[in-house]
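Input: a single structure, listed below in structure tokens.
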Amino acid sequence: MSSNKLFLKNWITIFWIAVSLPLVGGCTSATEKNLEQLDKTVLIYNNAFESKSEDGGSAYVQNDYRMDYLLKYGEIQTRISFFQIQTLNVAYFKSKKPLEINDDNPEGEIDEAVITMRYQVAISPSNRLKTFIHEQHWKLDGETWLLEPNLKPFLR
């Protein structure tokens, strides 16, 4: 997919999320709101990261990691071409303990999540495709989900 098409696709997705946010309100629990916010944050972050936006979604990175993230992201922008990205799993945690959100436990409060992603990329100067599994560690900070980034797999 060309970078222009990917860029347009990402901005259309972000636009529809922004337009639908006011419609999502209503009678939802705090946990449902946290889960919805997590889904939206992860989607927006990944769109910014994969489309090589100027800041790569750094607004969603924990403050302690932001400067290092931006320095490494500059290298990712120039060296990485993204081809296929897939979310494989989402694991929820409360106080570092696994928490299952299901019909039996719909109100479980979460404060952390691990999103397991599969990336297919080409890392310049090579043109070979490389596939790897990568975990994104997200933590709830007040009402905001923030990423504890690990960019090492993208820079090997």
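The values are calculated or read from the model by the stated rules, or taken from the named source; none is laboratory data. Computed from a predicted model, the values in this text were never measured in an experiment. Glycine also receives a Cβ, built like all others from the backbone with ideal geometry; neighbour counts cover every protein chain displayed.
General observations
- Among (1) at pLDDT 90 or above; (2) under 26 Å from Glu109 (Cα atoms) - the single one Ser20 does not satisfy: (1)
- Scanning the range 24-64 for residues that are within 23 Å of Glu109 (Cα to Cα), modelled with pLDDT of 95 or more and either β-branched (Val, Ile, Thr) or surrounded by fewer than 14 Cβ atoms within 10 Å (Cβ to Cβ) (or both) turns up Thr41, Val42, Ile44, Val61.
- Among the numbered conditions (1) closer than 18 Å to Met117 by Cα; (2) exposed (fewer than 15 other Cβ atoms within 10 Å of the Cβ), the only one that Leu70 does not meet is (1).
- Subset of the range 50-98 [assigned to a strand (DSSP E or B) and in contact with a Pro (Cβ under 8 Å, 6 or more places away or on another chain)]: Val61, Ala91, Tyr92
- So Leu151, is it in contact (Cβ under 8 Å) with a residue 40 or more places away in the chain, of a type outside the set (Phe, Trp, Tyr), touching an Asp or Glu at 6+ places or on another chain (Cβ under 9 Å) and more than 24 Å from Leu35 (Cα to Cα): yes
- Scanning the range 131-142 for residues that are in contact with a helix residue (DSSP H, G or I) (Cβ under 7 Å, 6 or more places away or on another chain) and either of a type in the set (A, V, I, L, M, F, W, C) or exposed (fewer than 12 other Cβ atoms within 10 Å of the Cβ) (or both) gives Phe132, Trp138, Leu140.
- Screening the candidates Arg128, Arg118 for the property of being surrounded by 10 or more Cβ atoms within 10 Å (Cβ to Cβ), touching a strand residue (DSSP E or B) at 6+ places or on another chain (Cβ under 9 Å), of a type outside the set (A, V, I, L, M, F, W, C) and free of Cβ contacts under 8 Å to residues at least 60 places away in the same chain yields one hit, Arg118.
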